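Novice: Starting off with a structure, shown below.
The values are calculated or read from the model by the stated rules, or taken from the named source; none is laboratory data. Predicted, not measured: the structure shown is a model, and the values here were computed from it. Ideal geometry is used to build each Cβ from the backbone, glycine not excepted, and the neighbour counts take in all protein chains shown. Please note that ligands, DNA and RNA were not included when accessible areas were found on the heavy atoms of the full protein model with its side chains. Shrake-Rupley method; radii C 1.70, N 1.55, O 1.52, S 1.80 Å.
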Amino acid sequence: MIRKIDTKRESSRFVIHQGLAVFTGHISPFADDLRGQSEDILYRYEELMSKFNLKKENIIYYTAYLKDISKADEFNDVWNTWVIRHHEPAGIIVQAVPNQSLPYGENVQLELSLIVAMEENDVEN
């Protein structure tokens, strides 16, 4: 069974399938710098994971799209503080300039997506 959460015309906020919650990319254009945007996005993920009974230690993969790859260390500082030690997921950081024509495009420094494994008893058959 495939369950789509918070579906809009373009995409769903996340999709649950075969024990995985696959999140679309999240942004936070309101902070002025990468550190602030990273903290805001991770806080939002914590809210979503709590709401849907997902756990940080079950994050299995992340993709971080940075506007400026030379700032990867700045993102990593925030990420490494947030992620649970000894439960670090696989992941990748890539440079990807956001669409400048979108409402917040110019200020967006980071888009972050996660894949989170669900607990066995939370998996829908």
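Novice: Name, by its number, the condition in (1) among the acidic types (Asp, Glu); (2) in a helix (DSSP H, G or I); (3) surrounded by fewer than 16 Cβ atoms within 10 Å (Cβ to Cβ) that does not hold for ASP40.
Specialist: The single condition ASP40 does not satisfy is (3).
Novice: Let me ask another. Sort out which residues of segment 76-125 are more than 16 Å from PHE23 (Cβ to Cβ), aliphatic (A, V, I, L, M) and at pLDDT below 95, and write them in order of number. Break it down into steps so the answer makes sense when it comes.
Specialist: Filtering segment 76-125 for residues more than 16 Å from PHE23 (Cβ to Cβ) gives 76-78, 80-81, 84-88, 93-109, 119-121, 123-125.
Subset that is aliphatic (A, V, I, L, M): 78, 84, 93-94, 96-97, 102, 108, 123.
If the condition is that a residue be more than 16 Å from PHE23 (Cβ to Cβ), aliphatic (A, V, I, L, M) and at pLDDT below 95, then ILE84, ALA96, VAL97, LEU102, VAL108, VAL123 are the ones that fit.
Novice: Another one. Keeping to segment 55-68, report how many residues are part of a strand (DSSP E or B), open to solvent by less than 70 Å² (accessible area, probe 1.4 Å) and more than 12 Å from ILE93 (Cβ to Cβ).
Specialist: Within segment 55-68, residues that are part of a strand (DSSP E or B), open to solvent by less than 70 Å² (accessible area, probe 1.4 Å) and more than 12 Å from ILE93 (Cβ to Cβ) number 1.
Novice: Oh, and also: Scanning segment 74-125 for residues that are touching a Phe, Trp or Tyr at 6+ places or on another chain (Cβ under 7 Å) and either part of a loop (DSSP other than H, G, I, E, B) or among the acidic types (Asp, Glu) (or both), which turns out surrounded by the fewest Cβ atoms within 10 Å (Cβ to Cβ)? Before you say what the answer is, go through the steps one by one.
Specialist: In the first step, residues of segment 74-125 are kept if they are touching a Phe, Trp or Tyr at 6+ places or on another chain (Cβ under 7 Å); the result is 89-91, 93-94, 96, 110-115.
This time we only want the ones that are either part of a loop (DSSP other than H, G, I, E, B) or among the acidic types (Asp, Glu) (or both), so: 89, 96, 111.
Working: PRO89: 17, ALA96: 15, GLU111: 19.
Looking at the filtered set, the residue picked out is ALA96.
Novice: Based on this model, can you work out whether ASN58 counts as under 18 Å from VAL22 (Cα atoms) and over 14 Å from the mean Cα position of the chain (by Cα)?
Specialist: Numbers: under 18 Å from VAL22 (Cα atoms): yes; over 14 Å from the mean Cα position of the chain (by Cα): no.
Considered against the rule, which asks whether it is under 18 Å from VAL22 (Cα atoms) and over 14 Å from the mean Cα position of the chain (by Cα), ASN58 comes out as no.
Novice: Only one of these is in contact (Cβ under 8 Å) with a residue 12 or more places away in the chain, aromatic (Phe, Trp, Tyr) and in contact with a helix residue (DSSP H, G or I) (Cβ under 7 Å, 6 or more places away or on another chain): PHE75, PHE23, PHE14. Name it.
Specialist: None of the other options fit; the residue is PHE75.
Novice: So which of LYS71, LYS51, LYS8 ends up being among the basic types (Lys, Arg), surrounded by 13 or more Cβ atoms within 10 Å (Cβ to Cβ) and at negative phi?
Specialist: Among LYS71, LYS51, LYS8, only LYS71 is among the basic types (Lys, Arg), surrounded by 13 or more Cβ atoms within 10 Å (Cβ to Cβ) and at negative phi.
Novice: Further, regarding this structure: Give me the residue from segment 6-40 that is among the small types (Gly, Ala, Ser) and either in contact with a Pro (Cβ under 6 Å, 6 or more places away or on another chain) or at pLDDT below 95 (or both) and, out of that set, farthest from VAL83 (Cα to Cα).
Specialist: By that ranking, first place goes to SER11.
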